[in-house]
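This report concerns only the one structure given below.
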Amino acid sequence: MALASIGVCYYPEHWPQEVWAEQARTMRSGGIELVRIGEFAWSRIEPSPGHFDWHWLDTAIDTLAAENLQIILCTPTACPPLWLIERYPEILPVDANDNVRRFGSRRHYRFASAVYREESLRISQAVIDRYATHPAIVGWQLDNEYGCHETTLSYAADDERAFQRWLEMHHVDIDALNKAWGTVFWSQEYRSFAEVGRPNLTVTEANPAHRLDYWRFASDQVRDFNGEQRQLLRECPGSDRWVTHNFMGNFVDFDHFTVGEDLDIATWDSYPLGFLDQGWFSDEEKLRYRRIGHPDWAAFHHDLYRAVGRGRFAVMEQQPGPVNWARSNAQPLDSAPAFWGMEAVAHGAEFVSFFRYQQLPRAQEQMHAALRLPTGDAAPAWSSVNQLAQELETLPAYGSSQAPVALLFDYPSCWASTIQPHAPGMDQLENAFQYYSAARSLGLDIDIVNTRSNLHGYKMLIIPGTVIVDDAFVSRVKAADLSCLIGARSGSRDEHCALPDALAPGPLQRLVPLRVLAVDSMRPGAVRSFSYGQETFETSRWHESVDSESEPRIRCDDGSGLWYSAGGNHYINAHVPTKFLSLVMQEILLAQTVPYAPLPEGLRIRRRGALTFALNFSPDTHRVDIDDAHCVLGSAQLAQGEYAIWQQAND
Ligand code: GAL
């Protein structure tokens, strides 16, 4: 068995049937083993209500199977056809400005629409009945990228009714809701659940607890939609194939952990250059990594989705060349497709599937690169993907082991920090990413955990400004034999987005006894300086005034505290540079006897079983410390976009 396999996203409905066999042969000749099809094909499967055309899909599946290609078949619910929308216009989502979003692109549906839920079950059931036991089908993808194009939250009148029902189930009575939300403020009090509206179009900001519950409600709709679809495959006789959904990068609009509970394996769509361009990175970083991506961006998501998939993940869509949707769409380095694929494999991916097989010269994504040109000839990415396929053949199969370090990440905290940002650049995703980057620059493997995870076996737990944590979580932290590094803003809200009774960091006071009395939200350019060892640093963005009986480990030059420690746990009460975070982590790792090795800029290390992968994202060439005898791929000298793999001595 190979360490992982290569796949491709393919749209037979975009090409004349005469070329399908040739396309399938070419895929196979390039080392491709898996082909994902069908996620947007509803209008071809059911061209008019109740009339199914299976012929083309039967032929496409048989054509791929004839080349021994394995198929991931999708349910086509991401694109309801026009006839369905005409019949039931209430399916369409409504944006925060109360505008109905129209037909003409994709994802034009509301998760809470009862009729859409029924129609989705009907079309998926038809596809499943037809193909569930087809021998070429190895797995299923449900829908496509839930929530993409801001489609998690919808504000239709019918969404409001569903929200009211949700509130009834989640609050004891309306008095309890009024109390939890603090509706006495500004005379917002409600007399019944039926009075509670949608939190959009209010004169100024809506009540944060109202918004947070609306977000939870919307997230639960995604979970329920996915769960119902999944149930079809559970109930289908003879269907034992794995089921997945392809999640996105930089995307936190619903709770992926709860959706993941209904999946066998989590997959995600990795577009490192598009997201570098769109992300919060500095202009200098965007230039430095413009053709390979940020050293930690894909890695963070690989680790996140390994957690969402409870240990099993893969990349369903891997960027092959320039995308069409960022502001600047850089051409990747020639080696990037293989590099990104191998990086995913290093983090435990079971397969890496490239998006897409052939570039379509028309419609919305005509400028999106593929493995083959619109003419059918090889595109620049083709040879790199072929090389990756050959390399994977040679590598021994290993799984990922538990990492020494865990990083906490949870979706309600993302929503809470978005609802009341309080300072720019302090949202949960960006904070988590910064702490992740600091740990990765020390050559560490990291597992991502949520507030419900088992923490046993970790040596260091990072709580990177996670806004909502509860007592039960803190009890589990205390029971595990580990050191915690807690970032500013952690534990600063309760489950209803209110300040904790005992002030921030709420239940985390049981780990480091201190109270946050005030937050200085610092405008760009405002800083406080401090020294650590021989170096000086600056806090920015966010700085808390803390009340603590113990003296801080470090004070800023203006006398304010910065780093508090108690019983092996640590609290940093400000936004600090990544380099400083990595120094704090080194102290903790030393105390916990976890081996680490600070890496040069842009070099990253990751282990999978007995294999160690080194990947260089930096424009500077780096040397890694590999013993030639154990090197199984590449060499010690790595230029940008190059990687090496070595195997531990006694394996
Ligand atoms: C993904 C999506 C694909 C395609 C791709 C382009 O978000 O799932 O269908 O649009 O982006 O990069």
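The values are calculated or read from the model by the stated rules, or taken from the named source; none is laboratory data. All values reported here derive from a predicted model rather than from experimental measurement. Using ideal geometry, Cβ is built from the backbone for each residue, glycine included, and neighbour counts are taken over all protein chains shown.
Give the residue that is nearest to residue 459 (Cα to Cα), with candidates limited to residues of region 555-564 that are surrounded by 18 or more Cβ atoms within 10 Å (Cβ to Cβ) and out of contact with any helix residue (DSSP H, G or I) (no Cβ under 8 Å at 6 or more places or on another chain).
564
Which of (1) basic (Lys, Arg); (2) closer than 25 Å to residue 581 by Cβ; (3) touching a residue at least 24 places away in the same chain (Cβ under 8 Å) is the odd one out, the single condition residue 476 does not satisfy?
(3)
When you check residue 137 against the structure, is it within 16 Å of the ligand (Cβ to nearest atom) and touching a strand residue (DSSP E or B) at 6+ places or on another chain (Cβ under 6 Å), yes or no?
In short, no.
Give the residues of region 91-135 that are small (Gly, Ala, Ser), over 25 Å from the mean Cα position of the chain (by Cα) and either surrounded by fewer than 18 Cβ atoms within 10 Å (Cβ to Cβ) or not assigned by TED's automatic domain parsing to the domain that holds residue 66 (or both), sorted by residue number.
104, 114, 126
I'm trying to understand the selection: among the residues of region 308-322, which are within 14 Å of the ligand (Cβ to nearest atom) and either assigned to a loop (DSSP other than H, G, I, E, B) or in contact with a His (Cβ under 7 Å, 6 or more places away or on another chain) (or both)?
If the condition is that a residue be within 14 Å of the ligand (Cβ to nearest atom) and either assigned to a loop (DSSP other than H, G, I, E, B) or in contact with a His (Cβ under 7 Å, 6 or more places away or on another chain) (or both), then 319, 320, 321, 322 are the ones that fit.
Residues 544, 535: which one is at pLDDT 95 or above and in contact with a strand residue (DSSP E or B) (Cβ under 8 Å, 6 or more places away or on another chain)?
544
Please identify the pairs in which a residue from region 390-401 that is in a loop (DSSP other than H, G, I, E, B) has its Cβ atom under 9 Å from the Cβ atom of a residue that is surrounded by fewer than 13 Cβ atoms within 10 Å (Cβ to Cβ) and modelled with pLDDT under 90, counting only partners at least 6 apart or on another chain.
Filtered contacts from region 390-401: 396/651; 397/1; 398/651.
Just the residues that are β-branched (Val, Ile, Thr) and surrounded by fewer than 24 Cβ atoms within 10 Å (Cβ to Cβ), please, taken from region 392-445.
394, 418, 419
Mind checking which strands (runs of 3 or more DSSP E) fall wholly inside region 546-651 and carry at least 1 residues that are within 28 Å of residue 464 (Cβ to Cβ)?
The strands (runs of 3 or more DSSP E) meeting that bar are 561-566, 569-572, 603-608, 611-616, 642-647.
Are any residues in region 418-452 more than 17 Å from the chain's Cα centre (by Cα) and either assigned by TED's automatic domain parsing to the domain that holds residue 258 or small (Gly, Ala, Ser) (or both), and if so, which ones?
Hits for region 418-452 are 423, 425, 438, 439, 441, 443.
This table checks each residue for (1) touching a strand residue (DSSP E or B) at 6+ places or on another chain (Cβ under 6 Å); (2) away from the ligand (no atom under 15 Å from the Cβ).
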{"residue": "298", "(1), (2)": "yes, no"}
{"residue": "305", "(1), (2)": "yes, no"}
{"residue": "325", "(1), (2)": "no, no"}
{"residue": "357", "(1), (2)": "yes, no"}
{"residue": "361", "(1), (2)": "no, yes"}
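Please find, among 253, 224, 220, 262, the residue that is away from the ligand (no atom under 16 Å from the Cβ), within 28 Å of residue 122 (Cα to Cα) and part of a loop (DSSP other than H, G, I, E, B).
On inspection, the qualifying residue turns out to be 262.
Please go through region 266-295 and pick out each residue that is surrounded by fewer than 21 Cβ atoms within 10 Å (Cβ to Cβ), under 21 Å from residue 354 (Cα atoms) and more than 16 Å from the ligand (Cβ to nearest atom).
290, 291
Considering each residue of region 1-55, count those that are over 19 Å from residue 137 (Cβ atoms) and among the β-branched types (Val, Ile, Thr), and give that number.
Number satisfying all stated conditions: 2.
Listed residues 345, 352; which is assigned to a strand (DSSP E or B) and under 13 Å from residue 4 (Cβ atoms)?
352
Within region 310-368, count every residue that is surrounded by fewer than 23 Cβ atoms within 10 Å (Cβ to Cβ), of a type in the set (A, V, I, L, M) and touching an Asp or Glu at 6+ places or on another chain (Cβ under 8 Å).
Total satisfying the criteria: 2.
Residue by residue, here is whether (1) among the β-branched types (Val, Ile, Thr); (2) modelled with pLDDT of 95 or more; (3) within 16 Å of the ligand (Cβ to nearest atom); (4) in a loop (DSSP other than H, G, I, E, B) holds:
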site	(1), (2), (3), (4)
60	no, yes, no, no
65	no, yes, no, no
76	no, yes, yes, yes
90	no, yes, no, no
96	no, yes, no, yes
102	no, yes, no, yes
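Looking for something away from the ligand (no atom under 16 Å from the Cβ), under 25 Å from residue 350 (Cβ atoms) and assigned by TED's automatic domain parsing to the domain that holds residue 343 - is there at least one such residue anywhere in region 42-53?
No: zero hits.
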